[in-house]
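Quick notes on the structure that follows.
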């Protein structure tokens, strides 16, 4: 099956988070929001305007924000924290580990501006290790949606999910192509296109890149199966193994470091269940730099062309 995906519009995934949070403000009275001086960047303005008594501006004090969020859960609140991905993880890892993950607190850590597509802010802000940091924590769920619609749906879904969640999204406007009415199912990978020659597993912004690569591959006579893994932990091993049983080889694609990311999770799954040739499209053990997001994806070899090349390599290894 060669499915065609139509771009509805171009929207940033952080706006999907803002829209989902606004909806939760109306439907979930126990949802509260905390922000570390980046309300506009995280698109939390609407929630703040409509629920001023449930919004807490903590200033540039991210570690304190995580402690406050953990405490709010004791009173039955469902706190959503908001700041850049670098400050949501690296700067506050001790607080997340000790106060949230270890005690299994119902905190939703919502992180924007992840990956290279943050662009001009440069390496100090372009965190590429956050998925690895979060997925290694016991009790932590890790979600990386691919577009505006899916980010909005994921934001709404995690409010009803008991336990700590890391929700990762980004800054740039990207193709918005998923069904706006589709319910987000935590822990369930989605097969976007059924194929027989190779399995492409992508997450976040790289899902659309995988779809673009799929079109090019079809022109070359290669029929890929494309899977959107929006939930990296818990990982949907069943869907992946069933696909690889058919295709016999895999390419992963992520806007993250090769070490510790989606590719690592897939590699572990294959090693345990179905050893198969694997190629990873990811940043290879280096920091980013200041530049335009799309140019950085190309320079660091995590673009559409790199997925196509990885598929051609992995098929030769079957």
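Could you work out how much longer the chain between residue 238 and residue 305 gets when fully extended? Use 0.36 nm per residue separation minus the Cα distance between them, nm to one decimal.
Extra length available between residue 238 and residue 305 comes to 21.3 nm.
For the stretch 44-141, what value does the Rg/Rh ratio take when both radii are computed over Cα atoms and Rh is the Kirkwood radius, given to two decimals?
Expressed as Rg/Rh, it is 0.97.
How far is helix 13-27 tilted, in degrees, relative to the longest principal axis of the Cα atoms in the chain, given as a value from 0 to 90 rounded to the nearest 10?
That helix lies at roughly 50 degrees to the long axis.
On full extension of the chain, what length is gained from residue 218 through residue 317, given 0.36 nm per residue of separation minus the C-alpha to C-alpha distance?
Values: separation 99, 0.36 × 99 = 35.64 nm, distance 1.92 nm.
Extra length available between residue 218 and residue 317 comes to 33.7 nm.
Rounding to the nearest 10 and keeping the result within 0 to 90°, find how far the Cα-based axis of helix 304-316 lies from the longest principal axis of the chain.
Tilt relative to the chain: about 50 degrees.
Which of 17, 56, 169 moves most in a GNM of the chain, Cα contacts under 10 Å?
56
If you line up the long axis of helix 206-219 against the longest principal axis of the chain, both from Cα atoms, how many degrees apart are they, to the nearest 10?
Once rounded, one gets 20 degrees.
Can you tell me the convex hull volume per residue for the chain, based on C-alpha atoms, in Å³ to the nearest whole number?
116 Å³
Which of 171, 313, 54 has the fewest other C-beta atoms within 10 Å, and how do the rest follow up to the most?
With the sparsest Cβ surroundings first, the list reads 313, 54, 171.
How far apart, in nanometres, would the label points at residue 46 and residue 27 be if each is projected 7 angstrom from Cα along the Cα-to-Cβ direction?
Going from the residue 46 label point to the residue 27 one covers 1.3 nm.
Mind giving me the FRET efficiency for residue 246 and residue 37? R0 is 45 Å, r the Cβ-Cβ distance, nearest 0.05 is fine.
Computed FRET efficiency for residue 246 and residue 37: 0.40.
Assuming 0.36 nm per residue, please report the length gained on full extension of the stretch residue 271 to residue 60 beyond their Cα-Cα distance. Numbers along the way, then the final one.
Details: separation 211, 0.36 × 211 = 75.96 nm, distance 4.28 nm.
Answer, rounded to one decimal: 71.7 nm.
Calculate the tail of P(r) for the stretch 10-176: the fraction of all Cα-Cα distances greater than 30 Å, expressed in %.
Tail fraction, whole percent: 6.
Connecting C-alpha atoms closer than 10 Å in a GNM of the chain, tell me which of 228, 193, 106 has the biggest fluctuation.
The residue that fluctuates most here is 193.
Could you identify which residue out of 60, 78, 131 has the top mean-square fluctuation in a GNM of the chain using Cα springs shorter than 10 Å?
60
Taking neighbour Cβ counts within 10 Å as the exposure measure, how do 28, 230 sort from fewest upward?
In increasing order of surrounding Cβ atoms, one gets 28, 230.
For the stretch 1-78, what D do you get in µm² per second when you plug the Kirkwood radius from alpha-carbon pairs into Stokes-Einstein at 4 °C and 1.567 mPa s?
Numbers: Rh = 14.0 Å.
Rounded to a whole number, D works out at 93 µm²/s.
What is the Cα centroid distance between the stretch 177-251 and the stretch 26-43, reported in whole angstrom?
31 Å
Using only the Cα atoms of the stretch 190-316, construct the convex hull and provide its projected area averaged over every direction, in square nanometres to one decimal.
Numbers: hull surface 28.5 nm².
For the stretch 190-316, averaging the hull's shadow over all directions gives 7.1 nm².
What's the exposure ranking of 27, 243, 88, going from fewest to most Cβ atoms within 10 Å?
Details: 27 9, 243 23, 88 30.
Going from least to most buried by this count: 27, 243, 88.
For the residue pair residue 259 and residue 123, what label-to-label distance in nm results when each label sits 7 Å from Cα along the Cα-to-beta-carbon direction?
Computed distance between label sites residue 259 and residue 123 equals 1.4 nm.
Where a number appears in this text, it was derived from the coordinates with a stated rule and is not lab data. Keep in mind the model is a prediction, meaning the values are calculated, not measured. All Cβ positions, even for glycine, are placed from backbone atoms using ideal geometry, and neighbour counts span all protein chains on display.
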